[in-house]
Amino acid sequence: MSDTRVIVVDTREQKNHVTKYMDQHGIPNVRSKLFVGDYTLLSNQSVVIDRKQHLLECCSCVTQQHIRFRNELLRAQSAGIHLIMLVEHGHGIESLEDVRSWVNPRLKKSPLALSGPTLYVRMKSIAAKYGIEWKFCNKCDTGWTVCEILGVKI
């Protein structure tokens with residue numbers, strides 16, 4: 001087994017649809033605690049993917065969990081890691097620009113919740129400041145997208 005195809009999955013990442021996809025398609029994967037993120041290659045850990053379940057999780061990262069999130073971004077930046085935030089939101093959100101038109105369902109209950117345009121500005125600012133990249137996919141495509149980003153051929 002060539003370690004250029006082995007994907008490392010962070011131990012804090014639960015067994016999920018992504019690892020199931022890897023197993024179904026014969027993509028070797030091992031579990032290990034990663035310095036940052038959720039997925040990387042065993043042979044080249046300069047690119048790491050951090051999976052976010054949806055835009056509500058992104059809101060949480062830039063508000064309530066901002067210090068923890070910022071510290072992770074700083075760790076990646078100082079280590080020269082290209083960190084890709086993969087958001088499996090779907091529902092027409094295919095790019096960072098699409099976030100501007102997102103309607104946060106929490107706005108109905110809390111006027112303090114982030115609107116799509118406000119979240120977009122924060123995400124764009126974070127990308128510029130920390131050198132991260134935001135990518136988007138549907139949940140059913142996450143396994144394929146992780147492999148594609150890491151250059152693992154199916």
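The values are calculated or read from the model by the stated rules, or taken from the named source; none is laboratory data. Every value quoted in this text rests on a predicted model; they were computed, and no experiment measured them. Cβ coordinates were reconstructed from backbone atoms using ideal geometry, including for glycine residues, and neighbour counts include every protein chain displayed.
Key figures for this structure:
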| read-out | value |
| --- | --- |
| Residues located in segment 106-115, provided they are surrounded by fewer than 20 Cβ atoms within 10 Å (Cβ to Cβ) and either touching a residue at least 24 places away in the same chain (Cβ under 8 Å) or of a type in the set (A, V, I, L, M, F, W, C) (or both) | ARG106, LEU107, LEU112, ALA113 |
| When residues of segment 116-138 are limited to those that are among the aromatic types (Phe, Trp, Tyr) and in a helix (DSSP H, G or I), the one nearest to GLU72 (Cα to Cα) | TYR130 |
| Residue within segment 11-27 that is in a loop (DSSP other than H, G, I, E, B), modelled with pLDDT of 95 or more and within 26 Å of ALA127 (Cβ to Cβ) present | no |
| Residue within segment 92-102 that is modelled with pLDDT under 95 and within 25 Å of THR40 (Cβ to Cβ) present | no |
| Pick from segment 139-154, criterion outside any helix (DSSP H, G or I) and loosely packed, with under 15 Cβ neighbours inside 10 Å, ranking: modelled with the lowest pLDDT | ILE154 |
| Criterion violated by ALA128 - all others in (1) out of contact with any helix residue (DSSP H, G or I) (no Cβ under 7 Å at 6 or more places or on another chain); (2) in contact (Cβ under 8 Å) with a residue 60 or more places away in the chain satisfied | (2) |
| All positions within segment 43-93 that are surrounded by 15 or more Cβ atoms within 10 Å (Cβ to Cβ), free of Cβ contacts under 8 Å to residues at least 40 places away in the same chain and of a type in the set (Val, Ile, Thr) | VAL48 |
| Residue tally, condition closer than 18 Å to SER60 by Cβ and in a loop (DSSP other than H, G, I, E, B), over segment 92-115 | 10 |
| Considering residues of segment 78-93 that are hydrophobic (A, V, I, L, M, F, W, C) and in contact with a Ser or Thr (Cβ under 8 Å, 6 or more places away or on another chain) only, the residue nearest to LYS52 (Cα to Cα) | LEU86 |
| Answer residue from segment 28-40, given it is closer than 23 Å to PHE69 by Cβ and assigned to a loop (DSSP other than H, G, I, E, B) and is farthest from the chain's Cα centre (by Cα) among those | LYS33 |
| Checklist (1) crowded, with 16+ Cβ neighbours inside 10 Å; (2) closer than 29 Å to MET22 by Cβ applied to TYR120, failing item | (2) |
